[in-house]
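Right, one structure below, let's go through it.
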Amino acid sequence: MMKMQELREHYRFTDEDAQLLKSLEPLAIENQENFSLAFYDYLYGLPETAAILNHNNRERLREMHSNWFISLFSGIYDNHYMNHLTRIGHAHVKVGLNVHFVNAAMNQIRQFLLNLIDNNYSDREHRRVLREAVEKILDMNLDVMSTSYREEEMKKVFLSRAVDTFLIKATERFTHGLNLVLVLALAVVSIAIVAMFGWDMVHVFRGDVEKGVFTALGSLLILWMMIELLDNEIKNLKGGRFSILVFIGVVIVAIIREILISTLRHDDLYKQAFLAATLLILGIVYYLVSLVQRDQPKI
Ligand code: HEM
């Protein structure tokens with residue numbers, strides 16, 4: 001593991017930087033509450049981080065994060081400080097936080113601190129050196145935190161690194177292949193539906209206008225859903241989010257088509273009631289799933 005001395009050398013962090021940070025301590029303490037508010041405002045604003053916060057003790061977390069904020073300005077950056085930073089990465093892995101959010105959060109913290117300096121120091125040169133010291137300590141923090149993060153994550157090995165990576169890659173490729181097959185199959189089915197629509201139109205010309213029009217309408221509905229489905233699957237292949245809603249939509253449309261045909265065939269009431277009940281249940285499921293999806297982030 002890297003020693004604090006090395007880290008300081010790599011970032012050209014000097015004793016003057018340490019003193020400059022120490023000189024910011026009173027301002028930091030004065031703004032500790034503001035920091036906490038801004039930080040949690042940010043974290044509660046993102047669904048992924050909000051979910052993690054809700055699983056943890058709020059007060060304890062606030063204390064941890066605002067203590068960390070103040071410790072940036074303690075003026076003492078030794079191996080003990082380094083151990084503290086190493087622990088943070090581990091703590092975040094443990095709660096299942098993606099390191100991406102640590103980086104993003106650090107960006108917000110940086111802006112908060114740079115603003116604080118800009119608003120409280122009038123001398124340009126002094127502001128510049130303060131800014132540099134703050135940038136260094138934040139980057140050093142991020143460096144150690146993300147290194148320990150990676151170390152902690154690397155511990156999660158099943159067989160060996162190489163075998164694990166191979167298995168993951170192979171499975172990814174396999175799923176990609178399956179998805180391609182699915183897209184092709186969907187395209188073939190779409191063509192079959194176009195043929196079905198053509199067949200329905202034949203009915204219209206043969207004189208069975210009512211039956212022809214209704215079933216053709218049903219086929220068109222299904223074709224429309226197939227387009228959605230294909231579109232969705234292609235988005236998924238390109239790395240987008242898969243929407244289960246479209247699948248439910250397809251089933252709903254298929255049932256509507258069945259109801260149209262069933263009415264024409266004058267099926268018995270029992271069958272028609274069964275179809276109507278199924279449609280109602282699917283409608284409710286569709287509504288519930290759409291509620292859940294609306295709350296999810298669109299990554
Ligand atoms: C630059 C960004 C961040 C810094 C500097 C930071 C700092 C810290 C520190 C110092 C601790 C205490 C670690 C310990 O001593 O055990 C901690 C814990 C924790 N942090 Fe952060 N944090 C950051 C970002 C985040 C983000 C984005 C989240 C998202 C929700 C988060 C959630 C947590 C949680 C849940 C814990 C408690 C872990 C436990 O129960 O041990 N942190 N963080």
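The values are calculated or read from the model by the stated rules, or taken from the named source; none is laboratory data. Predicted, not measured: the structure shown is a model, and the values here were computed from it. Cβ: placed from backbone, ideal geometry, glycine included. Neighbour counts: every protein chain shown. In case anyone asks, the SASA skips ligands and DNA or RNA and just uses the protein heavy atoms, side chains included. Shrake-Rupley method; radii C 1.70, N 1.55, O 1.52, S 1.80 Å.
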Determine the share of the chain's accessible area contributed by carbon and sulfur atoms, expressed in whole percent, with a 1.4 angstrom probe.
-> 63
Taking only protein heavy atoms into account and a 1.4 Å probe, give the accessible area per residue of the chain in Å².
-> 62
Cα gyration tensor shape for segment 4-154, rounded if a/c is under 1.5, else prolate or oblate = oblate
Cα Rg, Dmax (largest Cα-Cα span) when computed across segment 161-295, Å = 19.2, 69
Pop a pseudo-label 7 angstrom from the Cα along the beta-carbon direction at both Leu180 and Arg58 and give the gap in nm to one decimal.
-> 5.1
If each Cα of the chain is one equal point scatterer, what is log10 of I(q)/I(0) from the Debye formula at q = 0.06, 0.10 Å⁻¹?
-> -0.41, -0.77
Measure nothing fancy, just the Cα-based angle from helix 15-30's long axis to the longest principal axis of the chain, in degrees from 0 to 90, nearest 10.
-> 70
Between Phe101 and Asp267, 0.36 nm times their residue separation minus their Cα-Cα distance comes to what?
-> 54.0 nm
So how strong a dipole does the chain carry about its Cα centre when Lys and Arg Cβ are +1 and Asp and Glu Cβ are -1, to the nearest 20 debye?
-> 680
So if R0 is 51 Å, what FRET efficiency would Ala276 and Ile234 give, r being the distance between their Cβ atoms, rounded to the nearest 0.05?
-> 0.90
Please express the shape of segment 57-134 as an equivalent ellipsoid: the semi-axes are the square roots of 5 times the eigenvalues of the C-alpha gyration tensor, given largest first in whole angstrom.
-> 26, 15, 12
Sites Ile284 and Phe247 - FRET efficiency at Förster radius 22 Å, r taken between beta-carbons, to 0.05 | 0.90
Using only helices, what value at 222 nm comes out for the chain when you add -39,500 (n - 2.57) per DSSP H run of length 4 or more and divide by the total residues, to the nearest 500 deg cm²/dmol?
-> -29000 deg cm²/dmol
Segment 170-299, dipole about Cα centre (Lys/Arg Cβ +1, Asp/Glu Cβ -1), debye to the nearest 20 = 320
Highest-first arrangement of 9-15, 170-176, where packing means the average Cβ count within 10 Å | 9-15, 170-176
Val292 paired with His80, simple spin-label distance in nm, labels 7 Å along Cα-to-beta-carbon = 5.0
³J(HN,Hα) computed for each position of segment 176-187 - Karplus, 6.51 cos²θ - 1.76 cosθ + 1.60, integer Hz, glycine/proline x | 4, x, 4, 4, 5, 4, 4, 4, 4, 4, 4, 5
Simple spin-label estimate for Trp224/Leu37, 7 Å along Cα→Cβ, in nm, reads 5.0
Hey, what does the equivalent ellipsoid look like for segment 173-236, semi-axes from the Cα gyration tensor as sqrt of 5 times each eigenvalue, largest first, whole Å?
-> 31, 10, 5
Between Tyr44 and Val202, what length comes free when the chain is fully extended (0.36 nm per residue of separation minus the Cα-Cα distance, one decimal in nm)?
-> 51.0 nm
